[in-house]
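The values are calculated or read from the model by the stated rules, or taken from the named source; none is laboratory data. Please read all numbers here as calculations on a predicted model, not as lab measurements. Note that each Cβ is placed from the backbone with ideal geometry, even for glycine, and that neighbours are counted across all protein chains shown.
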Amino acid sequence: MSTTPGIDVSRWQGDINWEMVAAAGYRFAIVRATIGNYYTDPRFYGNWSGAGDAGLLVSAYHVVTPEHPADSQVDRFLDVLGDRKADLPLVLDVELSRGISPAGITACVRDCVQKVEQQDGRKPIIYTAGWFWNHKVLESPEWSECDLWVAHYGVSTPTLPTGWSEWKFWQHSEKGQVPGIAAATDLNQFNGSYDDLLACANAEPEPEPQPSAGLRARVTASRLNVRSGPGVNYSDVGDLHAGDVVNVVSLDGKDVWVEFEPGKWVALVFHGTRYMELE
């Protein structure tokens, strides 16, 4: 099965170097905008513009608080979005009960779905997990009309909440290490190829995002091995020395590796030690 990687972020990720995120192969970002009718994520605007400028497909999510009227919640969500148009459908995050009965949670989620669709013109994606949804939201055939973003960690295949037969997005880790982000980050997969993701966004297929042509890195170590791939298990094909500057073609690897010419890689960060600085 072909999948496409992406992330979701909020204020907890702090400052993000979105060019590094894009260069590491992530193709979409879903950014927290609001919670209930009372909270706007202070990093929403910067994350939205940063991800979009780096070439990622972008959407926003709203955390549903079932104790508040749906109208006031969605109004705040859409007011924060303003005239920004999400590439991918907007998301309703359904994971809070706040002492409300399943009937009350169900009614609130239903009203939020309807209002978002009325205003955005697309059915929202529902983010949830089976452990919550199966006990807190009443069954209805209408839920499967919304694409599912399922949260399930530490498994090879996610368990789906009642009402869906497939997932569109899967949040498979909450502890991901992403180049350009210092804090642990939620990792996601889209169920399809990059062209499928573009189709989901009603966008024309285009070359996958690449690092900016102006992104360069300077060697700070006295000597740095050049490898044939992004890892120490690849063969040694030469050396760089302190002060050498290379153009960054792509970034990859468990740590952070820089490809500066086809088949030539060096470590920017390895086991917590930085060997180069981006310019």
**OP:** Just give me the residues in the range 66-82 being surrounded by fewer than 21 Cβ atoms within 10 Å (Cβ to Cβ) and out of contact with any helix residue (DSSP H, G or I) (no Cβ under 6 Å at 6 or more places or on another chain), in sequence order.
**Re:** 67, 68, 69, 71, 72, 75, 76, 79, 80, 81, 82
**OP:** Would you check if residue 116 is within 20 Å of residue 7 (Cα to Cα) and not small (Gly, Ala, Ser)?
**Re:** no
**OP:** For the range 35-51, indicate whether the set of residues that are more than 28 Å from residue 256 (Cβ to Cβ), assigned by TED's automatic domain parsing to the domain that holds residue 187 and touching a residue at least 40 places away in the same chain (Cβ under 8 Å) is non-empty.
**Re:** yes
Subject >> Test: residue 33 is surrounded by 23 or more Cβ atoms within 10 Å (Cβ to Cβ) and assigned to a helix (DSSP H, G or I) >> reply: no
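Might you check whether a residue that is of a type in the set (S, T, N, Q), surrounded by fewer than 17 Cβ atoms within 10 Å (Cβ to Cβ), out of contact with any His (no Cβ under 8 Å at 6 or more places or on another chain) and at pLDDT 85 or above occurs anywhere in the range 235-249?
Keep residues of the range 235-249 that are of a type in the set (S, T, N, Q), which gives 235, 247.
From what is left, the residues that are surrounded by fewer than 17 Cβ atoms within 10 Å (Cβ to Cβ) are 235, 247.
Of the ones still in play, those that are also out of contact with any His (no Cβ under 8 Å at 6 or more places or on another chain) are 235, 247.
Applying the additional criterion that residues be at pLDDT 85 or above yields none.
No - not one qualifying residue is present in the range 235-249.
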Original post:
Filtering the range 36-56 down to residues that are of a type in the set (A, V, I, L, M, F, W, C) and not in a helix (DSSP H, G or I), which residue is nearest to residue 192 (Cα to Cα)?
Top reply: 56
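Give the residue that is farthest from residue 78 (Cα to Cα), with candidates limited to residues of the range 1-30 that are aromatic (Phe, Trp, Tyr) and either in contact with a Gly (Cβ under 8 Å, 6 or more places away or on another chain) or buried (at least 17 other Cβ atoms within 10 Å of the Cβ) (or both). Can you show your working first?
First, pick out the residues of the range 1-30 that are aromatic (Phe, Trp, Tyr): 12, 18, 26, 28.
Okay, now just the ones that are also either in contact with a Gly (Cβ under 8 Å, 6 or more places away or on another chain) or buried (at least 17 other Cβ atoms within 10 Å of the Cβ) (or both), so 18, 26, 28.
On the way: 18: 24, 26: 26, 28: 20 Å.
Only one residue fits best here, namely 26.
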**OP:** Looking only at the range 103-124, decide whether some residue is within 20 Å of the chain's Cα centre (by Cα) and in contact (Cβ under 8 Å) with a residue 60 or more places away in the chain.
**Re:** no
**OP:** Please list, ordered by first then second residue, the pairs with beta carbon atoms under 7 Å, 6 or more apart or interchain, first in the range 150-177 and acidic (Asp, Glu) and at pLDDT 95 or above, second crowded, with 18+ Cβ neighbours inside 10 Å and in a strand (DSSP E or B).
**Re:** 174/186
Subject >> Wholly within the range 57-172, strands (runs of 3 or more DSSP E) carrying at least 1 residues that are farther than 27 Å from residue 22 by Cβ >> reply: 125-128
